[in-house]
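This structure is in structure tokens; I'll ask about it shortly.
Bear in mind these aren't lab numbers, they're just calculated from the coordinates by the rules spelled out. Predicted model, so just to flag it, every value in this text is computed and none were measured. No Cβ is skipped: glycine too gets one built from the backbone with ideal geometry, and neighbour counts run over all protein chains shown.
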Amino acid sequence: MNVNLDNFETIVDPVIFDRGLKCKNEGAILRVEAIDNFNFNAVVTGSEHYFVNIALTKNGDLFTFDCTCPFNTSAICKHMVALLLFLKETKKEGIQIPKGDLFRISSVLDHWNKEELAQLLVNLAKSDNKAKDRILKELDLKPKKK
């Protein structure tokens with residue numbers, strides 16, 4: 001069975017689904033932006049602000065999902081449910097989700113070559129320790145001990 005916006009609740013624990021519905025209905029979704037027509041980012045509040053990403057296939061099937069909350073990463077959490085419900089609702093109502101900063105960044109970087117991209121990452125790492133740690137993590141490298 002393909003999982004999409006119309007049937008995703010069939011794979012979600014009913015308790016988690018109810019919590020996600022409550023999050024959406026109580027305004028826990030602080031910001032949603034489209035990266036493109038199939039990828040969406042959101043900030044959903046809980047005990048902290050969590051960053052949620054949902055990617056759909058061109059057919060509308062659920063492709064990938066991710067949330068920064070501590071919930072079991074192999075399952076859909078309440079923050080993801082809230083965003084999926086929001087996406088389902090906006091699709092049904094024909095509302096276009098605005099493309100945000102990540103779309104603009106992606107559009108520009110699509111035209112950069114490998115050396116320019118590498119230099120950008122090195123410059124970010126030099127100027128921001130959090131960015132450096134994230135880059136190291138993404139590259140699966142361990143920071144050097146001081």
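In whole angstrom, and with the biggest value first, how far do the Cα coordinates of region 15-61 range along each principal axis?
31, 21, 14
For a quick check: sort THR57, THR68, THR10 by the number of other beta carbons within 10 angstrom, fewest at the front.
Ordered from fewest to most neighbouring Cβ atoms within 10 Å, THR57, THR68, THR10 come out as THR10, THR57, THR68.
Got a sec? How would MET80, MET1 order by Cβ neighbour count within 10 Å, fewest to most?
Starting with the residue having the fewest Cβ neighbours, the order is MET1, MET80.
While we're here: In bins 10 Å wide, starting from 0, what share of all Cα pairs of region 87-146 does each bin hold, as a percent?
Bin by bin from 0 Å, the calculated values are 18, 32, 25, 19, 6, 1.
A further question follows. Taking the Cβ of ALA34 as the center, what net charge do the other residues with Cβ under 14 Å away carry, scoring Lys and Arg +1 and Asp and Glu -1?
Summing Lys and Arg as +1 and Asp and Glu as -1 gives +1.
Cα-based Rg of region 8-93 per 2.2 N^0.38 Å, rounded to two decimals?
In units of the globular-protein estimate, region 8-93 measures up at 0.98.
Roughly how compact is the chain, stated as its Cα Rg over 2.2 N^0.38 Å to two decimals?
1.18
Under 13 Å from the Cα of LYS88, which aspartates and glutamates turn up, not counting those fewer than eight places away in the same chain?
Hits, sequence-local ones excluded: ASP6, GLU9, ASP61.
In what sequence do ILE29, ILE135 fall when counting other Cβ within 10 Å, fewest first?
ILE135, ILE29
If you don't mind, another one. Is it possible to state the helix-based mean residue ellipticity at 222 nm for the chain, with each DSSP H run of 4+ residues giving -39500 (n - 2.57), the sum divided by total residues, to the nearest 500 deg cm²/dmol? What is it?
Theoretical 222 nm ellipticity from helices: -13000 deg cm²/dmol.
Under a Cβ-Cβ cut-off of 15 Å, what is the net charge of the residues other than PHE65 that fall near it, where Lys and Arg count +1 and Asp and Glu count -1?
Neighbourhood net charge equals -2.
Then there's this: List the pairs from LYS24/LYS58; LYS24/LYS132; LYS24/LYS126; LYS24/LYS99 whose alpha-carbon separation is above 27 Å, in the order I gave them.
Over 27 Å Cα-Cα: LYS24/LYS132; LYS24/LYS126.
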